[in-house]
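Colleague: The structure that follows is given in the form of structure tokens.
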Amino acid sequence: IDFDEPAISTDAGRVLGQTGLYLQEQAKIAERLIVTLGGRYDWARTELDDRSDNDADEEKTDRAFTWRGALLYRDPSGLAPYYSYSESFFPQSASGELFEPETGQQHEVGVKYEMPGIRSLFGVAAFDIKRQNYLTYDPGDNYAAKATGEIHSQGIEFEGAADPLPGLEVLATYTWIPTFDIT
């Protein structure tokens, strides 16, 4: 069996610095509709320092604006249907390489319910998540990191939290993901 021998040791360092500025506004419209809007600007700098080879040092600067928004309607019965959208940005490096940042988008639609008489919150939501520049590790290449393109998942999440008795808090969640694709 032929295989590449891994290096006996490495002498490398990685430094990631990230700064973000975030603004968000939440407003109640006509007493029942809640609107949330937020934006974030990130600056990130990643440095790879190969101390065994001065010519192999690398650095990368990334910037991104991401945003999120949501609408929620609070019905007097305790039901609260909602929709939300959000974006993500994550600078990344692995296996001694700098990669393009991972970005993502998430859509979620659901309903929450507050049961009268006890402190409780129950919910069900359907979600759709797409992530670009997702890193995977190739077992055929000594588990080297590779940007695989886009990963897409869809599913349904159930959650519940209640305080049925003084001093007793019950939490439960379940997520079902029938769709998971890497392209």
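Colleague: For the chain, what is the accessible area per residue in Å², given a 1.4 Å probe and the full set of protein chains? If you can, show how the numbers build up before the last one.
Modeller: On the way: 12520 Å² over 183 residues.
I get 68 Å² per residue for this part.
Colleague: Out of Thr61, Val35, Pro91, whose Cα points farthest toward the positive end of the dipole of the chain (charges: +1 Lys, Arg; -1 Asp, Glu; placed on Cβ)?
Modeller: About the Cα centre, the residue reaching furthest to the positive side is Val35.
Colleague: Can you pull the accessible area of Trp43 for me, 1.4 Å probe, Å² to the nearest 10?
Modeller: Trp43 exposes around 100 Å² with every protein chain in place.
Colleague: While we're looking at this one, here's another question. Mind grabbing the accessible area of Leu23 for me, 1.4 Å probe, Å², rounded to tens?
Modeller: Accessible area of Leu23: about 130 Å².
Colleague: Quote the charge dipole size of the chain about the Cα centre in Debye, to the nearest 20; the model charges only the Cβ of Lys and Arg (+1) and of Asp and Glu (-1). It would help to have the intermediate numbers written out before the result.
Modeller: Values: 15 positive and 32 negative charges, 300 e Å.
Charge dipole of the chain: 1440 debye, to the nearest 20.
Colleague: Here is a follow-up. Taking the alpha-carbon set of the stretch 79-156, what are its Rg and Dmax in Å?
Modeller: Cα radius of gyration and Dmax of the stretch 79-156 are 18.2, 59 Å respectively.
Colleague: Take the Cα atoms of the chain, find their three principal axes, and give me the spread along each one in whole Å, biggest first.
Modeller: 66, 41, 37
Colleague: Ala145: net charge of surrounding residues, Cβ under 10 Å, Lys/Arg +1, Asp/Glu -1, itself excluded?
Modeller: Numbers: positive: Lys146; negative: Glu97, Asp138, Asp141.
So the surrounding residues net to -2.
Colleague: Please compute the modelled spin-label separation between Glu157 and Thr136, points set 7 Å along Cα→Cβ, answer in nm with one decimal.
Modeller: 2.4
Colleague: Take the alpha carbon atoms of the stretch 80-134, find their center, do the same for the stretch 34-50, and report the distance between the two centers in whole angstrom.
Modeller: Rounded to whole Å, the Cα centres lie 16 Å apart.
Colleague: Per the 1.4 Å probe, what fraction of the accessible area of the chain, in percent, lies on carbon and sulfur atoms? Could you put the intermediate results ahead of the total?
Modeller: Values: 6820 of 12520 Å².
Of all accessible area on the chain, carbon and sulfur atoms account for 54 percent.
The values are calculated or read from the model by the stated rules, or taken from the named source; none is laboratory data. What you see is a predicted model; the values in this text were computed from it and never measured. Glycine also receives a Cβ, built like all others from the backbone with ideal geometry; neighbour counts cover every protein chain displayed. Just the protein is used for accessible areas: all its heavy atoms, side chains included, with ligands, DNA and RNA removed. Shrake-Rupley method; radii C 1.70, N 1.55, O 1.52, S 1.80 Å.
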